[in-house]
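Down below is the structure, laid out as structure tokens.
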Amino acid sequence: MALDPNGFRKVIGSLAAGVTVVTTRDQQGEPRGLTATAVCSVSLTPPLLLVCIDHKADCYEAFQDAEAFAVNLLRDDQEALSHHFARKDAQKFEGIAYRPGVTGAPILPGVLAHVECRVQARHPGGDHTIFVGEAVDSGVAPLEDGRSPLLHFRGAYTRLESRLPGDPS
């Protein structure tokens, strides 16, 4: 007997997760993206990560057709950006700065880190598709900027309270 969806959501919500904005380009070359916490490293050799995207996401088709995507890891002061990309709206990039990465996927400025991936596989995963990508480029903000990751825990945003390794304060 399977656990009911609400019970499962409650349990999984107890696992703190980094908040990301996952981006790609649609068939017309327009930037598309969404907020996601279902992101996980898979392998170091080769460098693989996975992203799970809900079939009901407004940009699902863009990811289904894409050859590449980027994962932008949000800083603790970027909650508004997370809310912005969580909207059900195809025009999420209107008024949002970005630059194309080496794959063409949009990279958001000022994020904690980003990684660009070429899609290696797509797997069914219930009401989501699991996209596995091979990392081809990345960037990390310097520790000196004092920022920590934006986290999601039990249905709310949260932040690290302890000092980070290398934090000069």
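In table form, for the structure just shown:
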read-out	value
Which listed residue is of a type in the set (D, E, K, R) and over 13 Å from residue 108 (Cα atoms), from 10, 92	10
Residue in the stretch 31-46 that is within 14 Å of the chain's Cα centre (by Cα), within 16 Å of residue 140 (Cβ to Cβ), open to solvent by less than 70 Å² (accessible area, probe 1.4 Å) and touching a residue at least 60 places away in the same chain (Cβ under 8 Å) present	no
Test: residue in the stretch 78-87 that is in contact (Cβ under 8 Å) with a residue 40 or more places away in the chain, open to solvent by less than 60 Å² (accessible area, probe 1.4 Å) and aliphatic (A, V, I, L, M)	yes
Residues of the stretch 9-59 that turn out to be over 18 Å from residue 135 (Cβ atoms) and assigned to a loop (DSSP other than H, G, I, E, B), as a count	16
Residue ranges of strands (runs of 3 or more DSSP E) in the stretch 63-169 with at least 2 members of a type outside the set (A, V, I, L, M, F, W, C) and either modelled with pLDDT of 95 or more or within 17 Å of residue 53 (Cα to Cα) (or both)	113-125, 128-140
Test for residue 70: is it buried (at least 19 other Cβ atoms within 10 Å of the Cβ) and under 14 Å from residue 106 (Cα atoms)	yes
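The values are calculated or read from the model by the stated rules, or taken from the named source; none is laboratory data. Keep in mind that this is a model prediction, so the values were computed, not measured. FYI the Cβ positions are ideal-geometry reconstructions off the backbone, even for glycines, and counts take in every protein chain you see. In case anyone asks, the SASA skips ligands and DNA or RNA and just uses the protein heavy atoms, side chains included. Shrake-Rupley method; radii C 1.70, N 1.55, O 1.52, S 1.80 Å.
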